[in-house]
Amino acid sequence: MSHLPVMIIIWPLIFAFLTPLVDMVSLRYRKHVVITFVVGQLVLVGLLIFGDSGGTTYYPLGGWAPEIGIVMVVDGLSRIFIMLIAVGTSLAMLYSLADIPDKESKYYVLFGILIAGMFGLVLTGDLFNLYVFIELTSLASFPLVAIQREGPAVRAGLRYMIFTVLSSLMVLLSIILVYGALGTLNMEEIGRQLVSIPHELRVLILALWIVGLGLKVAVIPLHSWLPPAHAEAKSPVSALLSGVLIKTGLYMIIRLPLLMSQGKDEMMIQFILINIAAVTIIGGHLLALGQRDVKRVLACSSIAHMGYIVLGLGIGSLLGLVGTLFHALNHMAMKSGAFFSLGQMVKDHYDFDSVQGKGRGAPWMAAVFLICCISLIGLPPLGGFASKWILGMAAVEAGQPIYAGVIALGTFLSGLYYANIFRILLNPDVSVESVKTRWLSAGVVGVTGFLCVVGFFAATWITDLIKIVAIGIL
Amino acid sequence: MWGEIVDFAYWVVVGLFLIGFFGVLTDTNLIKIAIGLNIMEASLLLLLVRLAFSPGDSPPIVSEGILNYADPVPQALTLTAIVIGASTTALLLSFIIKTYKYYGSVDLKEIRRMER
């Protein structure tokens with residue numbers, strides 16, 4: 001039995017608690033430690049994802065049987081999310097080397113704990129363990145929002161925290177109710193037995209689960225914490241929160257209700273999800289249109305993109321689920337890329353007046369930013385187009401073309417505000433001095449741009465892989 | 001007798017949860033919001049402990065002649081949840097302290113007025 005599933009969680013923890021010790025010796029080794037960690041993480045994840053035939057693997061912690069102990073499950077869905085988390089966090093980690101001053105050991109500690117929490121969250125097969133990991137990721141992410149910032153960022157972090165704690169409490173309540181009804185915390189067992197719960201209780205559990213996680217993935221009307229939190233943080237943190245962290249909420253939404261829903265309940269959940277998603281798409285884009293700060297625009301666009309992602313779940317067909325997972329992967333690449341490249345062009349103050357013409361100071365970064373934004377808008381030949389196209393096709397195929405119309409309208413709205421940002425960033429009337437980019441950050445930004453392109457040209461290959469997973473879920 | 005007291009526990013849970021929730025939603029004082037979140041948390045812990053126990057159960061320690069044990073799992077979960085709740089509260093309070101140092105107030109209304 002290989003110990004890979006638990007190694008993946010332990011590795012970031014080792015990194016997190018080793019960093020301050022190494023810093024006590026000398027700050028010069030920071031780069032080596034971080035690069036070693038990233039390489040090690042990618043190797044471990046690669047071995048886990050591609051190392052076996054691709055079936056479902058169980059890893060009972062401490063050798064206890066699944067009924068009494070905690071089991072970790074590696075199946076198709078968790079493989080996809082592990083890949084998303086590993087790529088997203090590795091890029092953000094490398095980028096931080098240049099963006100976060102060396103003396104901030106705290107930052108790397110929190111970052112490591114956050115990574116461990118997210119891996120644990122997608123690997124665990126135990127419902128209460130899931131709650132523990134949710135809290136672990138949340139607790140690590142609050143200080144990250146406010147790190148190296150003051151005033152408004154602390155307030156944004158506080159607001160983010162209050163909303164997230166509220167959502168965790170709802171999730172905890174629904175977990176307690178499940179345990180009270182079934183007497184087990186094993187997620188597979190729960191999936192099998194949920195039908196036996198009385199209808200009223202099941203609706204309550206589902207409602208709490210969806211509202212709690214809706215707060216986490218920031219669907220409208222539960223979104224108000226997201227724009228300040230994602231906009232006030234430092235660039236790598238914004239990329240991490242927008243690109244990776246909110247996707248873990250999506251993982252949990254896919255994991256539980258779709259397993260347990262049967263017949264009438266399923267129709268009701270899908271009806272609710274698809275309409276919330278449509279409101280979120282339009283509302284998110286309208287919010288973004290009203291912002292006067294580039295980072296806030298990107299944060300609001302994250303809300304809209306979570307809308308697209310939830311829309312695929314609401315459609316409920318195989319194609320919809322494929323679109324959802326594909327768009328989650330794409331959104332990770334393009335939103336991280338947008339925050340990374342923006343962070344290279346503009347160091348501080350992201351409101352429209354301060355960023356005038358800044359794009360001309362770092363033309364290569366502006367080019368990647370352009371690629372990411374076009375991908376975010378959803379125009380060919382970039383990844384965002386491919387996944388939006390699949391979502392649209394899924395809506396038409398399911399006999400609900402109106403939602404394909406919503407996607408098209410969203411594309412139009414986002415085109416408007418991204419065009420505006422570009423007009424401002426490339427404003428020729430303002431003189432700017434050129435900005436030097438460190439090779440490591442430039443490399444990270446380049447990789448995200450490359451991933452956006454890959455998302456389009458390898459779309460068939462990727463969707464075929466995702467389809468195999470999706471068949472297993474439905 | 002036991003049944004009545006135990007069922008009363010559910011109403012206490014619902015009551016505490018709603019009191020906490022109401023506080024979080026309506027109050028503008030950050031400290032009071034933190035207290036509200038704690039009350040909600042406490043109600044959930046109470047629910048967990050209540051689930052573990054039915055009248056006549058003995059503590060979950062294996063010994064001869066005892067057949068009905070209280071379920072030990074929720075009690076372990078309660079301990080975990082208490083630890084998580086304590087650390088969340090600590091972090092929340094430290095954020096409130098930082099906010100107070102910057103704005104000189106813990107009232108959200110006043111902070112909002114200051115930002116304008």
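Every number here is computed from the coordinates shown, using simple stated rules; none is lab data. Values in this document were obtained by computation on a predicted structure and should not be read as measured data. Cβ coordinates were reconstructed from backbone atoms using ideal geometry, including for glycine residues, and neighbour counts include every protein chain displayed.
Taking beta carbons within 10 Å but only from partner chains, what does the mean come to for residues A:160-168?
Counting Cβ atoms of other protein chains within 10 Å of each residue's Cβ and averaging gives 5.
For region A:132-173, the list of trypsin sites (Lys or Arg not before Pro) that fall in a loop by DSSP and count at most 16 other C-beta atoms within 10 angstrom reads A:149. Site pair residue A:347 and residue A:419 shows an inter-label distance of 3.4 nm when each label is modelled 7 Å from Cα along Cα→Cβ. Approximating the spin labels as points 7 Å out from Cα along Cα→Cβ, the residue A:14-to-residue A:56 distance works out to 3.0 nm.
Helix-only estimate, please: 222 nm mean residue ellipticity of chain B, summing -39500 (n - 2.57) across DSSP H runs of length 4 or more and dividing by its residues, to the nearest 500.
-26500 deg cm²/dmol
Placing a label point 7 Å from the Cα of residue B:76 along the Cα-to-Cβ line, the residues of region A:64-79 whose backbone N sits under 12 Å from it are A:64-71. All other residues whose Cβ lies under 14 angstrom from that of residue A:415 are scored, Lys and Arg at +1 and Asp and Glu at -1, for a net of +2. The angle between the Cα long axis of helix B:30-52 and the main principal axis of chain B comes to about 10°, on a 0 to 90 degree scale. Dipole check for chain A: with +1 at the C-beta of Lys and Arg, -1 at the C-beta of Asp and Glu, and the Cα centre as origin, the magnitude is about 920 Debye. Size of the protein assembly as shown: Rg and Dmax of its alpha carbons, in Å, are 23.8, 89. Can you tell me the 0 to 90 degree angle between the C-alpha axis of helix B:72-103 and the longest principal axis of chain B, rounded to 10? Roughly 10 degrees, rounded to the nearest 10. On the basis of the beta-carbon distance and an R0 of 41 Å, residue A:192 and residue A:379 show a calculated FRET efficiency of 0.40. Can you tally the net charge around residue A:108? Count Lys and Arg as +1, Asp and Glu as -1, for every other residue whose Cβ sits under 12 Å from the Cβ of residue A:108. Net of charged neighbours comes to +1. Note on residue A:65 and residue A:3: with the Förster distance fixed at 22 Å, the Cβ-Cβ geometry gives a FRET efficiency of about 0.80. Relative contact order, whole percent, for region A:274-474 stands at 28, derived from Cα pairs under 8 Å and 6 or more residues apart.
Of all DSSP bridge pairs formed entirely within the protein assembly as shown, close to 90 percent run antiparallel.
Quick check on region A:383-463: take the gyration tensor over C-alpha atoms, sort the square-rooted eigenvalues as a ≥ b ≥ c, and tell me if it's rounded (a/c under 1.5), prolate or oblate.
Oblate is the answer for region A:383-463, as a/c is 1.5 or above yet b/c matches or exceeds a/b.
Backbone amide hydrogens, once placed in the peptide plane, bring residue A:362 within less than 5 Å of A:435, excluding anything fewer than 5 places away on its chain. Using Cβ point charges alone (K and R +1, D and E -1), the dipole size of region A:43-106 about the Cα centre works out to roughly 60 debye.
Packing, taken as the mean count of other beta carbons within 10 Å per residue, orders the peptides A:278-286, A:21-29, A:449-457 from highest to lowest as A:278-286, A:449-457, A:21-29. Over chain A, dividing the summed -39,500 (n - 2.57) contributions of all DSSP H runs of at least 4 residues by the number of residues returns a 222 nm mean residue ellipticity of -25500 deg cm²/dmol.
Using a simple spin-label model with pseudo-atoms 7 Å out from Cα toward Cβ, residue B:12 and residue A:200 lie 2.4 nm apart. Under the membrane-span-like helix rule (DSSP H runs whose alpha carbons stretch at least 24 Å along the helix axis, mean Kyte-Doolittle hydropathy 1.0 or higher), chain A yields A:4-25, A:30-50, A:76-99, A:105-123, A:127-146, A:152-182, A:199-217, A:263-290, A:294-315, A:401-425, A:439-457. Net charge dipole, region A:272-387: roughly 140 debye, given to the nearest 20, about the Cα centre with Cβ charges of +1 for Lys and Arg and -1 for Asp and Glu. Relative contact order, whole percent, for chain A stands at 14, derived from Cα pairs under 8 Å and 6 or more residues apart.
Relative contact order of chain B, please, whole-number percent, based on alpha carbon pairs below 8 angstrom and at least 6 residues apart.
Values: 108 pairs, mean separation 29.1, N = 116.
Rounded, it is 25 percent for chain B.
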